[in-house]
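Here's the structure we're looking at; comments come further down.
The values are calculated or read from the model by the stated rules, or taken from the named source; none is laboratory data. Only a predicted model underlies this, so the values are computations on that prediction, with no experimental measurement involved. Please note: Cβ atoms are built from the backbone with ideal geometry, for glycine as well, and neighbour counts cover all protein chains shown.
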Amino acid sequence: MKTLANRAIIEAVRELAISAARDLEPDILDALVAARDRETSPLAENILEMLLLNADIASREMIPACQDTGICTIFVTLGQEVRLEGDLGEAIQEGVRQGYEEGYLRKSVCDPVTRQNTGTNVPAVVHVELEPGDQCRISFLPKGCGSENMSGLKMLSPSAGIPGALEYIVETVINAGSNPCPPLIIGVGIGGTFEKAAIMAKKSLLRPVGAPSARDDVSRLEEELLARINRQGRGVLGLGGCNTALAVHVETCPTHIASLPVAVNIQCHSHRHKEVVL
Amino acid sequence: MSLLRTATSFSGDCKKIDLPFGDGVVEELRAGDLVQLSGTMYTGRDQTHRRLCALLDEGCDLPVDLAGQLLYYVGPSPARPGRIIGAAGPTTSYRMDVYTPRLLELGLKATLGKGSRSMPVRQSMQEHGAVYLAAFGGAGAFLSQCVKEVRIVAFEDAGPEAMFCFEVQDFPAVMINDVFGGDFYEEIVARNDVAR
């Protein structure tokens, strides 16, 4: 049994919040460099250069890469041999509260009915899963809503099959136009239930950018989707070129014989994600 | 176009525009132009728009005269001590579409955000001789370097959604909708360089 103090969780989440906003991870930076190097449109190439410079300024000057420092989704994978000293949920929310205050991050969370800002950027959306072992892994995904708003979920009929699913995914991305700040990372969940598909789509964004599915047939779908999306020529910020998306990540789960849920979670190029293991 | 190495060396061939707009300036702009904006711009996003229109509903004056001005859709992140602003890139414009025609009627000359505008907004822009520009989405740290002065104009209680006045220098943007009905996003879709 390992004991995990509340204070350790609060501090870890606070640091994740601050660093996620300022310091983009190597996977997204590498993907932006690769996109710049293969870009065919001079304007798009220049913008990609600007985005890399933007990331550099953010790190150096300690300001957020994007002013929309997002609403936070946090995935916790908790080892069953971890004994928690306090309230895990409250510790996570307190970490977010402190991180957004101390990091000079924008507080963007409000009541959906009154639109009154909560003033703290909490509540974060927290998903907890148990696994064997004595580690606690916290994955932090603050997400701006320019991209989140362009996401979609559809309960397809099984007769639509994978061709119907792919068509829905491509259509969702293309209809989003320049709103979600391309080049995008497309998180997809196919199967499960209504909520499972959405959670898979979100969680797939935690994969290193462009890391393929472990399933060969699914990784071929990812490649096909990426090619179909980029053939449309919408490009960086919708201003043209071959980089509408940087990667498509597909997660699947067995579903009901009557069902084919498909969720598309769109992520912007300012792809902020951080992880810590306690 | 030269590389966008720094905020102040955006481009060799972009048009330099002083704000607020002088007579005849917006008519010179065409969809697809790269511009650098210098001078005064007002800001506002969802809450500011809702409140401006509520004031108009009540027959009240607005906190500022928008005639000839540019309105930038932004909710900046807070300034660290010793700085005037945090990150300050554009937010998505379509959420302002329901409010925009009323502000164009008051003489607002330009809006600056990201993403496409609705057909009613595009028609209203043509009718009132106004333009729409896109700032570079997700480049909030970079763009903050173009902001030289910041003051709050109204709705301070709305936090990041307050209405600010920015003094900017060489703030880069792309012309999307010109006064002649041109739409640069549509041009990009129509020409699809990748498929060719």
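Worth pointing out:
- Test: residue in segment B:148-159 that is away from every other protein chain (no Cβ under 12 Å), touching a strand residue (DSSP E or B) at 6+ places or on another chain (Cβ under 7 Å), crowded, with 23+ Cβ neighbours inside 10 Å and within 30 Å of A:ALA58 (Cβ to Cβ): no
- Residue within segment A:124-147 that is free of Cβ contacts under 8 Å to residues at least 40 places away in the same chain, in a strand (DSSP E or B) and either more than 14 Å from chain B (Cβ to nearest Cβ) or in contact with a helix residue (DSSP H, G or I) (Cβ under 6 Å, 6 or more places away or on another chain) (or both) present: no
- Residues that are within 14 Å of chain A (Cβ to nearest Cβ) and of a type in the set (A, V, I, L, M, F, W, C), drawn from segment B:103-118: B:LEU112
- Answer from A:ILE57, A:ILE138, A:ILE71 - the residue that is under 16 Å from A:VAL276 (Cβ atoms) and of a type in the set (Val, Ile, Thr): A:ILE138
Yes/no matrix, rows are residues, columns are (1) at pLDDT 95 or above; (2) closer than 30 Å to B:ALA79 by Cβ:
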| residue | (1), (2) |
| --- | --- |
| A:ALA34 | yes, no |
| A:LEU52 | yes, yes |
| A:ILE57 | yes, yes |
| A:ALA65 | yes, yes |
| A:PHE75 | yes, no |
| A:LEU78 | yes, no |
| A:LEU84 | no, no |
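- Scanning segment A:249-260 for any residue that is in contact (Cβ under 8 Å) with a residue 12 or more places away in the chain and within 14 Å of chain B (Cβ to nearest Cβ) turns up nothing.
- Members of segment A:137-149 found to be closer than 30 Å to B:GLY75 by Cα and surrounded by fewer than 24 Cβ atoms within 10 Å (Cβ to Cβ), listed by number: A:ILE138, A:SER139, A:CYS145, A:GLU148, A:ASN149
- Any chance B:ARG30 is in contact with a Gly (Cβ under 9 Å, 6 or more places away or on another chain) and in contact (Cβ under 8 Å) with a residue 12 or more places away in the chain: yes
- Within the option set A:LEU260, A:LEU246, being closer than 16 Å to A:GLU167 by Cα and not charged (D, E, K, R) holds for one residue only, A:LEU260.
- Residue match in segment A:111-119 (condition: assigned to a loop (DSSP other than H, G, I, E, B), within 14 Å of another protein chain (Cβ to nearest Cβ), under 23 Å from B:PRO172 (Cβ atoms) and not basic (Lys, Arg)): no
- Residue in segment B:157-164 that is at pLDDT below 95, at positive phi and touching a helix residue (DSSP H, G or I) at 6+ places or on another chain (Cβ under 9 Å) present: yes
- From the list A:VAL109, A:VAL82, the one residue that fits, being farther than 17 Å from A:ILE138 by Cβ and among the β-branched types (Val, Ile, Thr), is A:VAL109.
- Residue among A:THR40, A:THR77, A:THR73 that alone is hydroxyl-bearing (Ser, Thr, Tyr) and under 23 Å from B:GLU161 (Cβ atoms): A:THR73
- Residues of segment A:209-239 that are at positive phi and modelled with pLDDT under 95: A:GLY233 alone.
- Candidates are the residues of segment A:216-248 that are facing chain B (nearest Cβ under 9 Å) and among the polar types (S, T, N, Q); the one that is farthest from A:GLY187 (Cα to Cα) is A:GLN232.
- Scanning segment A:67-97 for residues being surrounded by 19 or more Cβ atoms within 10 Å (Cβ to Cβ), touching a helix residue (DSSP H, G or I) at 6+ places or on another chain (Cβ under 7 Å) and farther than 25 Å from A:MET200 by Cα gives a total of 2.
- Scanning segment A:247-263 for residues that are assigned to a strand (DSSP E or B) and either polar (S, T, N, Q) or closer than 14 Å to A:GLY192 by Cβ (or both) yields A:VAL250, A:GLU251, A:THR252, A:CYS253, A:LEU260, A:PRO261, A:VAL262, A:ALA263.
- Of the residues making up segment A:5-61, those that are outside any helix (DSSP H, G or I) and either within 14 Å of chain B (Cβ to nearest Cβ) or buried (at least 16 other Cβ atoms within 10 Å of the Cβ) (or both) are A:ASP23, A:LEU24, A:GLU25, A:GLU39, A:THR40, A:SER41.
- Of the helices (runs of 4 or more DSSP H) lying entirely inside segment B:6-112, those containing at least 3 residues that are surrounded by fewer than 16 Cβ atoms within 10 Å (Cβ to Cβ), modelled with pLDDT of 95 or more and not β-branched (Val, Ile, Thr) are B:46-57.
- Among (1) polar (S, T, N, Q); (2) touching a Cys at 6+ places or on another chain (Cβ under 8 Å); (3) within 14 Å of chain B (Cβ to nearest Cβ) - the single one A:THR77 does not satisfy: (3)
- The sole residue among A:ARG272, A:ARG231, A:ARG207 that is charged (D, E, K, R) and free of Cβ contacts under 8 Å to residues at least 12 places away in the same chain is A:ARG231.
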